[in-house]
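Read through the structure below, which is laid out as structure tokens, and then see the notes.
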Amino acid sequence: MNSPSRTAPDDLIQPFRIDPFALRGRLVRLGPAIDRILSQHDYPEPVATMLGEAITLAVVLAGALKYDGVFTLQTKGDGPIRLMVADVSTTGALRGYAQYDKAKLDAALDQARASSPSVPLLVGSGYIAFTVDQGEDTERYQELSSSPGRRSPNAHTIISGSRSSSRPALSFRWAVRGRAAPGAPVD
């Protein structure tokens with residue numbers, strides 16, 4: 001009798017803590033959940049990658065909050081990707097959508113040439129909003145921050161804050177690998 005092969009779940013949120021360094025975080029791995037969202041639209045690769053990163057960031061943040069409802073991450077800017085929205089509900093539902101300008105995207109890709117286009121190049125100047133909506137009986141909570149704009153050519157840190165008793169220092173970094181066929185290994 002053959003034993004079934006063991007594979008890691010394709011959709012996973014795993015909190016972790018490294019005590020000697022007072023480091024806490026969440027490992028998020030999205031497979032079929034994000035594939036379903038991205039396959040519903042024929043986004044060019046840079047737009048699909050950026051939307052995948054936004055959805056992943058929304059999942060990380062939503063997983064760290066205590067709420068009952070919908071967490072939304074939204075970016076709006078003057079770059080080729082004008083709008084991205086990622087929703088995460090406490091029931092586990094994910095949604096994502098992006099609007100982009102094809103002519104601006106082609107120009108940005110030409111400008112980036114051989115390297116991957118940066119966040120500021122694709123989003124431009126604008127804002128990022130985080131919203132928690134817990135339904136009709138509660139007030140919606142929203143935090144706005146200006147987006148990186150064109151100040152940093154390789155911005156991958158979206159938020160950083162100063163350390164205080166109510167708001168610890170935060171930094172978000174991520175890596176998104178290329179999309180693969182379901183069940184196929186990703187390098």
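What does the highest-first list of 15-26, 88-99 look like by mean Cβ count within 10 Å?
Order by mean packing, descending: 88-99, 15-26.
Binned at 10 Å from 0, what are the whole-percent values of the Cα-Cα distance distribution for the stretch 12-146, short to long?
Taking all Cα pairs of the stretch 12-146, the binned fractions are 11, 38, 34, 15, 2, 0 percent.
Enumerate the calculated ³J(HN,Hα) couplings along the stretch 46-61 in order (Karplus 6.51 cos²θ - 1.76 cosθ + 1.60, θ = phi - 60°), each rounded to whole Hz, writing x wherever the residue is Gly or Pro.
For the stretch 46-61, the Karplus curve yields x, 6, 4, 5, 5, 5, x, 5, 5, 5, 4, 4, 4, 5, 4, 5 Hz.
Once amide H atoms are built 1.01 Å from N in the peptide plane, which residues 5 or more positions from residue 124, or in another chain, come under 5 Å H to H?
The answer is 79.
Rule-based calculations on the coordinates, nothing more; no lab input. Keep in mind that this is a model prediction, so the values were computed, not measured. We place every Cβ from the backbone using ideal geometry, glycine too, and count neighbours over all the protein chains shown.
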